[in-house]
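Here's the structure, in structure tokens; my notes come after.
The values are calculated or read from the model by the stated rules, or taken from the named source; none is laboratory data. Only a predicted model underlies this, so the values are computations on that prediction, with no experimental measurement involved. Please note: Cβ atoms are built from the backbone with ideal geometry, for glycine as well, and neighbour counts cover all protein chains shown. Just the protein is used for accessible areas: all its heavy atoms, side chains included, with ligands, DNA and RNA removed. Shrake-Rupley method; radii C 1.70, N 1.55, O 1.52, S 1.80 Å.
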Amino acid sequence: VQLQASGGGLVQAGGSLRLSCKYSGGTFRSSTLAWFRQAPGKEREFVAAIRTDRNTYYADSVKGRFTISRDNAKNMGYLQMDALKPEDTAGYYCAASSTVILSSIRRSVAYTYWGQGTLVTVSS
């Protein structure tokens, strides 16, 4: 399985970006897809996840501003980010696994496959 994240860039505070994650080499529709982020000098943190039943989960810091979605026909996952803040600046990574249990959905160790990351910079 390979994941390829894209869509990062430089945006002003209050702006929007949409990240994409291309999944290949496995069965995407059977996998939970998640986004994590890591800012310089900080630990990687959970952002959002979407299960195969399309139930979604968000970190409190992005709830109401970010929307995760998936298109199983295209093997694609997305993270729509609105009302961006400077504190959203980070490298964003998509991750996938077919064996994630609900109690671990926010834990990075639960995910088997990872993309290379895409950088999001929000200026004030």
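General remarks:
- Only aspartates and glutamates eight or more places from Lys63 in sequence, or on another chain, were considered; those with a Cα closer than 17 Å are Glu45, Asp82, Glu87, Asp88.
- Relative to one another, the C-alpha centroids of the stretch 57-78 and the stretch 98-112 are positioned 16 Å apart.
- Distance histogram in 5 Å bins (all Cα pairs of the stretch 71-124, percent per bin): 4, 16, 20, 21, 20, 13, 4, 1
- Per residue, the accessible area of the chain comes to 51 Å², computed with a 1.4 Å probe over protein heavy atoms only.
- If you take all other residues with their beta carbon under 15 Å from the beta carbon of Phe28, and give Lys and Arg +1 and Asp and Glu -1, the sum is +4.
- The aspartates and glutamates whose alpha-carbon is closer than 20 Å to the alpha-carbon of Lys74, local same-chain residues fewer than 8 away aside, are Asp53.
- Comparing Val109, Val100, Val62 in a Gaussian network model of the chain, where Cα atoms under 10 Å apart are tied by springs, the biggest mean-square fluctuation is seen for Val109.
- Unit Cα scatterers, Debye sum, the stretch 18-67: log10 I(q)/I(0) for q = 0.15, 0.22 Å⁻¹: -0.48, -0.92
- For the stretch 59-124, the set of trypsin sites (Lys or Arg not before Pro) satisfying both a DSSP loop assignment and a count of at most 16 other C-beta atoms within 10 Å is given as Lys63, Arg65, Lys74, Arg107.
- Selection from Ala96, Gly8, Ala48 lying farthest towards where the dipole of the chain points positive, charges on Cβ: Ala96
- Distance histogram in 5 Å bins (all Cα pairs of the chain, percent per bin): 2, 12, 24, 26, 20, 10, 4, 1, 0
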